[in-house]
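This report refers to the structure that appears directly beneath it.
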Amino acid sequence: MSRQAYVNGQFVPHGQAVVHIEDRGYQLADGVYEVWAVFGGKLSDAEGHFTRLWRSLDELRIDHPMSRKALEVVLKETLRRNRVREGLLYLQVSRGVARRDHAFPTDPVAPSLVITAKSLNRAATNAKAEAGVGVITLPENRWGRCDIKTVGLLPNVLAKQAAREQGGAEAWFVDADGLVTEGASSNAWILRKDGVLVTRDTGANILRGITRHSLLDVIAKAGLKVEERAFTPGEALEAQEAFITGAGALVTPVISIDGKPIANGHPGEMALRLRGLYIQHAQNAGI
Ligand code: PMP
């Protein structure tokens with residue numbers, strides 16, 4: 001069966017799914033998005049993603065496209081129609097279609113809602129992730145509201161591309177104080193040599209990753225030590241391990257920073273253990 005996308009109230013063949021040229025998401029990046037990991041046909045960490053979506057919309061004063069319950073039905077229908085058991089579910093809401101003007105439309109317009117789903121070969125993505133990835137560091141050049149999950153991702157796009165061109169898979173932004181904020185599409189973590197895990201606190205200008213949040217619960221249940229605070233690329237290079245988290249990356253070991261190996265340059269045991277524990281959580285807690 002061919003892929004289908006949900007666009008403003010209708011399921012349409014993926015190849016013919018379009019939005020208007022004056023959609024404010026398209027012209028002004030005036031929109032937000034969410035991504036759920038899908039395990040066994042269920043949305044993992046569903047509640048966290050719904051809550052963050054509502055918060056992102058409210059922060060930007062974009063109307064909710066539908067109720068939480070109705071949205072859940074449409075998301076699940078998107079999975080069903082695309083036969084996605086293992087994969088990713090993408091949702092985007094923009095402020096809607098209006099004659100181009102920077103300020104909000106004066107006559108109310110309905111927000112635009114787009115949902116797509118894609119299947120992943122879990123065995124292949126696991127094998128790739130478990131081999132670990134290299135990251136590069138780049139000066140933080142994003143706006144001051146990275147806590148809102150907006151589609152304004154140009155700095156993230158350029159950072160990822162730079163990483164790819166330098167043989168890496170992710171870029172870590174480093175702020176004006178020389179501290180790592182987060183990855184272009186993931187949160188950043190290290191495991192210190194004394195066994196303490198460290199990830200940037202959410203008081204910083206970062207996205208409050210849902211995977212990060214769930215992993216903190218997993219870490220607490222496993223009785224491991226964690227500190228939510230800033231760290232430098234130098235501290236990361238001195239660390240025992242590093243890894244990234246996100247709905248796409250899940251937990252992925254980082255094996256080098258700017259071409260320099262972390263520890264022995266192999267994926268860390270803790271990162272792999274946490275990946276396993278997170279996947280177990282995701283498999284059990286989906287809706
Ligand atoms: N930071 C950024 C900038 C991201 O784009 C993402 C992925 N959406 C994350 C962190 C991780 O967030 P989550 O765990 O909710 O996917």
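Of note:
- Odd one out for residue 114 among (1) within 16 Å of the ligand (Cβ to nearest atom); (2) surrounded by 21 or more Cβ atoms within 10 Å (Cβ to Cβ); (3) part of a strand (DSSP E or B): (1)
- The strands (runs of 3 or more DSSP E) falling completely within segment 213-287 that include 1 or more residues that are farther than 21 Å from residue 34 by Cα, touching a residue at least 40 places away in the same chain (Cβ under 8 Å) and among the acidic types (Asp, Glu) map to 241-246.
- Within segment 190-228, considering residues that are within 20 Å of residue 137 (Cα to Cα), within 14 Å of the ligand (Cβ to nearest atom) and among the hydrophobic types (A, V, I, L, M, F, W, C), the one nearest to the chain's Cα centre (by Cα): 207
Here is a yes/no grid of residues against (1) without any contact (Cβ under 8 Å) to a residue 40 or more places away in the chain; (2) in a helix (DSSP H, G or I); (3) within 16 Å of residue 143 (Cα to Cα):
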position	(1), (2), (3)
161	yes, yes, no
173	yes, no, yes
178	no, no, no
181	no, no, yes
188	no, no, no
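- The one condition from (1) closer than 26 Å to residue 87 by Cβ; (2) more than 11 Å from the ligand (Cβ to nearest atom); (3) of a type in the set (Ser, Thr, Tyr) that residue 137 does not meet is (1).
- Applying the set (1) without any contact (Cβ under 8 Å) to a residue 40 or more places away in the chain; (2) within 13 Å of the ligand (Cβ to nearest atom) to residue 152 leaves exactly one unmet item: (1).
- Residue count for segment 144-159 satisfying the condition of being part of a loop (DSSP other than H, G, I, E, B) and under 17 Å from the mean Cα position of the chain (by Cα): 8.
Just so you know, all these numbers are worked out from the coordinates, no wet-lab data involved. No experiment lies behind these values; they were computed from the predicted model shown. So basically every Cβ, Gly included, is an ideal-geometry build from the backbone, and we count neighbours across all protein chains shown.
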